[in-house]
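Each remark here refers to the structure printed beneath this line.
The values are calculated or read from the model by the stated rules, or taken from the named source; none is laboratory data. Predicted model, so just to flag it, every value in this text is computed and none were measured. Cβ: placed from backbone, ideal geometry, glycine included. Neighbour counts: every protein chain shown. Accessible surface areas use protein heavy atoms only, side chains included; no ligands, DNA or RNA. Shrake-Rupley method; radii C 1.70, N 1.55, O 1.52, S 1.80 Å.
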Amino acid sequence: MKVRPHQRALALLALVAGACLLPALVPAVLPAQRAALEKIIQRRVLPNGLEVIVVENHGVPLATVEVNVRNGSFTQTPEYAGLAHMYEHMFFRANQQYPESEMYLDRAAQLGAVFNGTTQEETVSYYLTVPADSVRGAIQWLTPALREPLFLESELAVERQVVIGEYDRNESSPFFQLQRQMDMKLYPGNYSRKNVIGDRQVVATTTPEKMRFIQHKYYIPNNSVLIVAGDVKPDSIFAIAARQLGGWARGPDPFVADPIPDIPPLTASDAVVAEAQVNAVTVLLQWQGPSVGKDPKSTYAADVFSDLLNDPRSRFQQRLVDSGLWQGVTVNYYTLNHTGPITISGQTSPEKLRPALAALDSEIKKLDAPTYFDPDELKAVQAHRSVTSAFGREQASAFAHTLGFWWSVASLEYYMGYVDNMAHQTTADLRAYADKYIIGKPRITGVLISPEGRQRIHLTADELKAGGTK
């Protein structure tokens with residue numbers, strides 16, 4: 001369900017790798033993306049606070065209906081670790097209109113729906129793609145699950161085992177073990193707010209009362225958005241939404257009565273060494289990055305910065321990968337409203353680990369040098385981001401997911417200006433971002449290595465802690 005930062009980074013690397021020929025294609029002036037978005041996106045807010053966003057895309061006679069709720073692991077105290085995800089599972093179970101879950105799923109089949117849900121740090125989403133003439137039925141299908149879930153004990157018992165099965169699969173991955181240990185250090189005292197899969201004991205003892213607590217606190221219209229993207233007409237969708245969800249009772253703002261606590265800043269670097277039977281050595285360096293609600297300007301710089309360093313032609317890649325020290329190195333910032341992580345990940349061999357880390361630290365210390373970033377390469381990656389963003393709008397279902405994510409962690413307004421703000425970033429902005437969040441800042445270093453490799457090079461966590469200081 002959750003895309004870990006290093007997975008996102010690998011995906012980005014694959015995209016950027018295709019940008020090698022871009023300089024010849026860079027337009028003299030990038031077209032404004034906001035104007036293009038305003039032509040296809042319409043938004044209204046119902047009197048109960050529910051936002052309704054409609055995207056017209058008449059390419060194929062399909063539509064995706066998605067609801068995002070600002071829930072997720074960021075709302076979890078340790079006593080609720082994993083229950084945002086558990087709630088997602090119970091969403092597709094019995095409700096007042098369909099008192100048996102088979103009835104509910106049968107109705108989805110009648111609609112020809114492809115449906116699913118996801119839980120991330122700062123959003124939970126539910127979506128289904130249907131023939132365009134079944135959009136009304138799709139919204140009707142989501143309505144009782146949002147407003148009138150039953151949380152039957154018998155069904156909760158089944159879903160506990162399903163979620164624990166997911167937990168077991170995650171736990172069997174050495175990357176999961178490494179990332180979990182790093183997250184505990186990166187978010188001191190707040191691990192439960194980044195731990196989507198949760199705590200096994202909490203999941204195993206979940207009660208209907210805890211599900212009901214989450215429902216009443218977070219599953220309210222003024223903490224949710226309905227997105228419909230595809231072969232639809234906005235006025236028709238707004239009318240259906242008002243009829244189906246206009247009576248959904250508004251609730252108190254959950255983040256006024258119970259604000260999300262700030263993540264304490266790191267006071268010192270730390271390190272984790274995890275062992276598993278792996279061939280290559282995987283290295284993760286992580287810093288506490290910007291929060292979009294507090295420092296949106298740095299979030300734009302962060303994405304351009306990552307794109308530029310991931311470009312195979314960049315000085316960063318040439319010094320680290322082309323030199324043969326690293327098999328690959330990827331930079332990523334994961335945008336969140338509450339401390340998004342900055343990650344540099346890479347793979348090398350046990351014997352090259354020390355010189356590879358030394359070379360990486362040497363490059364990191366130069367990231368605020370006036371000549372480190374090439375202005376022409378900056379233009380190329382900004383153009384590439386513009387193209388990939390426009391490409392992502394071609395598929396209505398994927399675009400609905402994109403809008404849902406950005407609405408949850410920032411706002412629709414943030415997304416509408418995203419590409420244009422990226423295009424305005426300068427090399428000075430990138431240096432300022434690196435200086436503020438990365439260079440000389442406390443970090444967590446993680447290494448996944450085989451037991452034999454670790455013993456051969458006598459690697460210790462204490463040795464890795466020293467990295468990252470000026």
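Couple of notes before you dig in:
- Of all residues making up region 217-236, the number that are over 25 Å from the mean Cα position of the chain (by Cα) and either in a helix (DSSP H, G or I) or of a type in the set (Val, Ile, Thr) (or both): 4
- Exactly one residue out of GLN201, GLN181 is modelled with pLDDT of 95 or more, out of contact with any strand residue (DSSP E or B) (no Cβ under 6 Å at 6 or more places or on another chain), surrounded by fewer than 20 Cβ atoms within 10 Å (Cβ to Cβ) and more than 30 Å from GLN96 (Cβ to Cβ), and it is GLN201.
- Exactly one residue among VAL232, VAL225, VAL273 is within 30 Å of GLN455 (Cα to Cα) and touching a residue at least 60 places away in the same chain (Cβ under 8 Å), and that residue is VAL273.
- Wholly enclosed helices (runs of 4 or more DSSP H) of region 130-213 bearing at least 1 residues without any contact (Cβ under 8 Å) to a residue 24 or more places away in the chain: 153-171, 174-186, 200-204
- In region 437-458, the residues that are within 22 Å of ALA268 (Cα to Cα), part of a loop (DSSP other than H, G, I, E, B) and either open to solvent by 10 Å² or more (accessible area, probe 1.4 Å) or touching a Lys or Arg at 6+ places or on another chain (Cβ under 7 Å) (or both): ILE439, GLY440, LYS441, PRO442
- Test: residue in region 324-335 that is part of a helix (DSSP H, G or I) and at pLDDT 95 or above: no
- Filter result (surrounded by 12 or more Cβ atoms within 10 Å (Cβ to Cβ) and more than 19 Å from ASN337 (Cβ to Cβ)) within region 248-265: TRP248, ARG250, GLY251, PRO252
- Checked against the criteria, ASP368 counts as assigned to a loop (DSSP other than H, G, I, E, B) and not hydroxyl-bearing (Ser, Thr, Tyr).
- ASP231 meets the conditions (1) among the acidic types (Asp, Glu); (2) surrounded by 15 or more Cβ atoms within 10 Å (Cβ to Cβ); (3) more than 30 Å from GLY392 (Cα to Cα) in every case but one. The failed one is (3).
- When LEU156, LEU150 are checked against the criterion of being touching a Pro at 6+ places or on another chain (Cβ under 9 Å), open to solvent by 10 Å² or more (accessible area, probe 1.4 Å) and among the aliphatic types (A, V, I, L, M), LEU150 stands alone in meeting it.
- Boolean, ASP368 is under 30 Å from GLN277 (Cα atoms) and more than 26 Å from the chain's Cα centre (by Cα): no
- In region 277-297, the residues that are open to solvent by less than 30 Å² (accessible area, probe 1.4 Å) and not in a loop (DSSP other than H, G, I, E, B): VAL281, THR282, VAL283, LEU284, LEU285, GLN286, TRP287
- Residue match in region 128-141 (condition: more than 25 Å from GLY404 (Cα to Cα) and open to solvent by 10 Å² or more (accessible area, probe 1.4 Å)): no
- Residue within region 397-412 that is within 30 Å of THR75 (Cα to Cα) and either in contact with a Pro (Cβ under 9 Å, 6 or more places away or on another chain) or outside any helix (DSSP H, G or I) (or both) present: yes
- Qualifying residue in region 375-393 (condition: closer than 28 Å to VAL272 by Cβ, assigned to a helix (DSSP H, G or I) and out of contact with any His (no Cβ under 9 Å at 6 or more places or on another chain)): no
- Members of region 420-436 that are open to solvent by 20 Å² or more (accessible area, probe 1.4 Å), assigned to a helix (DSSP H, G or I) and touching a residue at least 12 places away in the same chain (Cβ under 8 Å): ASP420, ASN421, ALA423, THR427, ASP429, ARG431, ALA432, ASP435, LYS436
- Residue in region 405-418 that is farther than 19 Å from GLN33 by Cβ, open to solvent by 20 Å² or more (accessible area, probe 1.4 Å) and of a type in the set (Phe, Trp, Tyr) present: no
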